[in-house]
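Readers should treat all values here as calculations from the given coordinates under stated rules, not as data from a laboratory. Only a predicted model underlies this, so the values are computations on that prediction, with no experimental measurement involved. Please note: Cβ atoms are built from the backbone with ideal geometry, for glycine as well, and neighbour counts cover all protein chains shown.
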Amino acid sequence: MPAGCASRVRQSDSGVHYKRPVALFSGIIPAMQTSRDRFDLDALPSPIRAASLAERAARQDAEARADRLEHLLLEFKRALYGKKSERLTQDQLELAFEDLEAATAEAQFEIEAAKSASGDASNKPKGTLKTGPRRNLGHLPKELPRIEQIIEPDSIQCSNDCEGGCGAMARISEDRSERLDIVPARFQVIVTIRPKYACQFCQENVVQVPAPARLIEGALPSEGTIAHVLVSKYADHLPLYRQSQIYARSGLDLHRSTLAGWVSKAAFHLRPVVEAMATELKTSTKLFMDETTAPVLDPGRGKTKTGYLWALARDDRGWNGNDPPGVIFNYAPGRGGKHGEDFLCGFNGILQVDGYGGYNRLTRESRIGGDPLVLAYCWAHARRKLFDLADKNGTKGCGSGIALEGIKQIAELYRIEAEIRGKTAVQRLAARQACSAPIVATAVLATDRFMSSQFAGAQWRRCSRWSWWCGHSSSARQRSRKMSASVRDP
C-alpha cells in the first residue's frame, strides 16, 4: 500500500474500506501547474514553444472569464436568497444581465477571431459559402435616412500591360454595407428677430409683427425642449437631476428646480388634453384599471411617503377593436376604493381589475357617478392563488388535486383565448360559449365541492376572491356566464 494512503484506511465491522487519497493528489496538481509555468520554454523548438504560449494565454483568459462569471453568479444568488437588505434591485439586476450578455458576446467574438486566425476558413472546400457569426445585428428600418459614402480606388487605370493600352477600367458592380450611426443631441439657440418699420416722413406710423405665443412666456425653453424634458423624465425614466448633469456637459447650467418648473407649467397646459382623454376613455363599454405605489415627497419630514398612481386604460388592438388605445394616470394619496370611484365617475360597463377588494364598492347600487359596474377579474390572479395552494399542500393531499385541476382548466382557457385572438366579436363570443363556458362550469362545480371539504378553513380564505370568479348564483350555467366576464376583452 502506498505510504501516502496509509492514513486513509479505517477498520469497521464489515471489513477494511479505503477512502480516496484526495490529499495526496491535491498537492500534485498545483505542483504540476507550477512546474509547467516555470518551465524553460526557450529550450523547446519554435512550434512547440508557440503552442505552449498560446495554450497558457488561453488558459489565463479562461480563468479570468470564469472568475467574472462566478462573480455574476454569486450576485444572482445574493439577489434571490440573500437578506432583504442585501438583495439587488430591479435596476441592478438589469445591469448584471447586461454584464453577463457582454461577457458572453466577448467570449464568442474571441472564439470566432481565434478560428479566423488559425486558418479554419482556408480549410473549407472551394465553393462553400462563407457564413457570418450568428449574432443579432439588429434591423435597420427603411425609413431611416441613408448617407452614402463612396470609397473609390486611388487609380482606376488598368495595371496590366495590354497591347494597345487598356486605359480606364469600367465599373461592373459594387459592394454595399450598412452601419447604424447616431448623431448626438445638439443644442441650438433660436433667435427671433422682429424688425420695426416707421415712416420716414411723418415718423408716427410704426409697424412690427407681434411676438409669437410661447408655452412659457418669458422663459428660455422652446416647445421642443420642454417636450424633450417630459419624454426623458416620464418615458425614459431619466430624473431631472440626471438631465441637469447631461446638459452641464454641453455647457448649459440648468438646475433641477428650473427643469421642475418647466414640467409643472407643461402639466398645467396639458391638463385639458388629459381630461379630454379621460372623457373619451369613459365612453367605452370596457376598461382596465390598476393601481401601483409611487414615492412622494413629504414636505417638512425630510423623507418620502407612499402615494398611488391609478391607471385607466383601453387597448382593443388585440381583437380588431375600432377604438384607439389610450391610458391616463391619476394620483391619489391612498389606495381606498373611494379614489377609484371618483376616477371612474361617468363610466358604465365592464371594468377589468385584479382581486383587490377596494373595487367591490363599484358594484353596489349606491355607486356614485354611474350605474353598478360589472367586474371582470383577472384569471392570472386566480391561478396564482391556486398555484400557492397546490404547491404548499401538494405533499399533504389537502385539496392539492383540485387545485392542480383548476390550474389545468385555466391553462385551457388561455389556449382558447390565444386561438381566437384577433377574430371578430361575434366569433369570439361563439367560441367562448362553445368551448370556454363548459370549462368554467366544471370549475364552478369543483370549487363548490372543494368549499364543502374540511380544508375550507383559514388557508382557503386566502383564495376567497375565487367566489367572485364563480359568481353567487345557484345555477352553474349562470355562474359560468358571470365568470366569462374575466376572459372578455379588457
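Before moving on, here are some points about what is shown:
- Residue-by-residue Karplus 3J(HN,Hα) for region 231-245, coefficients 6.51, -1.76, 1.60, Hz, glycine and proline x: 5, 5, 6, 9, 9, 9, 6, 9, x, 5, 5, 6, 4, 4, 5
- For region 198-273, the residue among Leu240, Gly218, Gln208 whose Cα projects farthest onto the positive side of the dipole built from Cβ charges is Leu240.
- Linear extension gain, Glu217 paired with Ala114, 0.36 nm per residue minus alpha-carbon span: 30.8 nm
- Sorting Cys345, Cys202, Cys378 by the number of Cβ atoms found within 10 Å of their own Cβ, with the fewest placed first, yields Cys202, Cys345, Cys378.
- Given Lys305/Lys385; Lys142/Lys265; Lys282/Lys423; Lys303/Lys338; Lys303/Lys385; Lys338/Lys408, the pairs whose alpha carbons are separated by over 32 Å: Lys142/Lys265; Lys303/Lys385; Lys338/Lys408
- With θ taken as phi - 60° and the Karplus curve 6.51 cos²θ - 1.76 cosθ + 1.60 applied, the whole-hertz 3J(HN,Hα) list for region 257-262 is 5, 5, 5, 4, x, 4 Hz, x standing for glycine and proline.
- Amide H contacts under 5 Å for Asp290: Ala311, restricted to partners 5 or more places along the chain or on a different chain, H placed in the peptide plane at 1.01 Å from N.
- Whether region 143-259 is rounded, prolate or oblate, judged on the alpha carbon gyration tensor where a/c under 1.5 counts as rounded: oblate
- Inter-part distance where region 213-262 and region 286-314 are each reduced to a Cα centre, Å: 23
- Under-5 Å amide H pairs with Gly307, H placed in peptide plane, nonlocal only: Ala294, Val296
- Simple Cβ-charge dipole of region 198-273, Lys/Arg +1 and Asp/Glu -1, about Cα centre, in debye nearest 20: 400
- In Hz, Karplus ³J(HN,Hα) per residue of region 352-366 (6.51, -1.76, 1.60; θ = phi - 60°; x = Gly, Pro): 8, 9, 8, x, 5, x, x, 7, 5, 5, 6, 8, 7, 5, 8
- For the peptides 143-149, 426-432, residues were scored by their other Cβ atoms within 10 Å and the scores averaged per peptide; the highest-first order is 426-432, 143-149.
- Between Ile190 and Gln427, the modelled labels are 4.8 nm apart [label points 7 Å from Cα along Cα→Cβ].
- Between the amide H of Ala376 and those of Leu351, Gln352, Val353, distances stay under 5 Å, these residues lying 5 or more places away or on another chain, with hydrogens modeled in the peptide plane.
- For the pair Tyr414 and Ala198, the difference between a 0.36 nm per residue extended length and the Cα-Cα distance amounts to 70.1 nm.
- Taking the fewest neighbouring Cβ atoms within 10 Å as the starting point, the ordered list for Phe187, Phe76, Phe288 is Phe187, Phe76, Phe288.
- Modelled label positions at Val273 and Leu230, each set 7 Å beyond Cα in the direction of Cβ, lie 0.4 nm from each other.
- Packing-based exposure ordering (other Cβ within 10 Å, fewest first) of Ser436, Ser222, Ser173: Ser173, Ser222, Ser436
- The packing ranking, built from the mean of other Cβ atoms within 10 Å per residue, places the peptides 209-220, 311-322 in the order 311-322, 209-220, highest first.
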